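Right, one structure below, let's go through it.
The values are calculated or read from the model by the stated rules, or taken from the named source; none is laboratory data. As the structure is a computational prediction, the values presented were derived from the model and not from experiment. Cβ sites come from the backbone with ideal geometry, for glycine too, and all protein chains shown count toward neighbours.
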Amino acid sequence: MDMNIDRRAALRIVAAALAAPAALGARAQQDYPSKPVQLVVAYPPGGGTDTLARLIADGLGKELGQSVVVVNRAGASGLIGTGQVARATPDGYTLLLDTGNSTLRPAIEPSTPFKPTDFAPVCLLTESPVALAVSSSLPVKSVKELVAYSRGNPGRINYASTGPGSPQNLMGELMKVKAGLDWVQVPYQGGAPALADLVAGRVQVMFSNPVPLMPYANTNRVKVLAVTSAERLPALEHVPTMEEAGQPDFVIGFWNGVLAPAGTPAPIVEKLSAALLKVMGDPKVKDALVRQGSVLTPLGSREFASYVAQDSARWKGVATAIRYQPVAGKQS
């Protein structure tokens, strides 16, 4: 028997065995998606993030040729759903529509069970300056009047948040520091129940994405006093910016973007990114988002990765300004 021939045959078998998983992986990437994709929202149905997710899911499904199913996994101020996606199989079938939780929470809470590097940025969709809204029962019509009323009623003004460390919490605390106010935080599991209590007058103040506020603002069930953008929003042209309302250096907001678990193959990330950019270019989608008060800022995966790094640094700055204490210790 020719030992050299046997050795060569054995090497070919080993090489084929080693190449098989790579070939299967490449084929799976080429065939992606071959089954429905889950788009996770880490908050209850009915809020602004959920509204955007359902709009985007429809268009993304058409681009991919597969169903994109919105899954609400609420709880712990968005930690539950966000953490589940961070730990999901990185195959492109589990995505997260994030509002910045992936950067905000690790920036202020060292014990957060995920970090920005646990995700692969896919596509930035929108930015949404926040609206400062008050209950219609509160006897104020401007930020100046709100500040004066709050100072005259220390400890009696409640502001809604989606929990300690949430964007609403940090903005409420930042307002307290800047204006010298004594507000009390009332945490909720999501924006929708918080807004319901604002409308009912059980809380008096809320920093919110303008999208879910619009129906109530248009029917005078809540009053929108200012927006946190550098310029007025087209959907709320009559509402001043915080700068115009006498609160400088208060340009801050939410963002909405799609993330995948870290390790998701680059071809899949790029395919998703390209599909989402097409969805964001759809005139019907653009019109719907602008009418809801969102600012369209689509960025592909590479540009979005830089944006994520900058956002993490920004929230660290806010936490420093309000002397935020991690929830594991003293709450803010």
Response to the item:
For region 43-69, pairs from a residue that is over 18 Å from residue 128 (Cβ atoms) and free of Cβ contacts under 8 Å to residues at least 60 places away in the same chain to a residue that is of a type outside the set (S, T, N, Q) and assigned to a helix (DSSP H, G or I), with Cβ under 6 Å and 6 or more apart or across chains, are 67/61; 68/57; 68/60; 68/61
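Quick one: in region 177-200, of everything that is farther than 27 Å from residue 249 by Cβ and not small (Gly, Ala, Ser), which residue is surrounded by the most Cβ atoms within 10 Å (Cβ to Cβ)?
Quick first cut of region 177-200, residues farther than 27 Å from residue 249 by Cβ only: 188-190, 192-193, 196-197, 199-200.
Now restrict to residues that are not small (Gly, Ala, Ser): 188-189, 193, 197, 199.
On the way: 188: 23, 189: 17, 193: 16, 197: 17, 199: 20.
It comes out as 188.
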Worksheet item: All but one of (1) under 27 Å from residue 281 (Cα atoms); (2) in a helix (DSSP H, G or I); (3) aliphatic (A, V, I, L, M); (4) modelled with pLDDT of 95 or more hold for residue 146; which doesn't?
Response: (1)
Response to the item:
Counting only residues in region 242-270 that are surrounded by fewer than 20 Cβ atoms within 10 Å (Cβ to Cβ) and β-branched (Val, Ile, Thr), the one nearest to residue 313 (Cα to Cα) is identified as 252
Discussion item. Pairs please, first residue from region 96-112 and in the same structural domain as residue 170 (by TED's automatic domain parsing), second anywhere and in a loop (DSSP other than H, G, I, E, B) and β-branched (Val, Ile, Thr), Cβ atoms under 7 Å, 6+ apart in sequence or on different chains.
Written reply: none
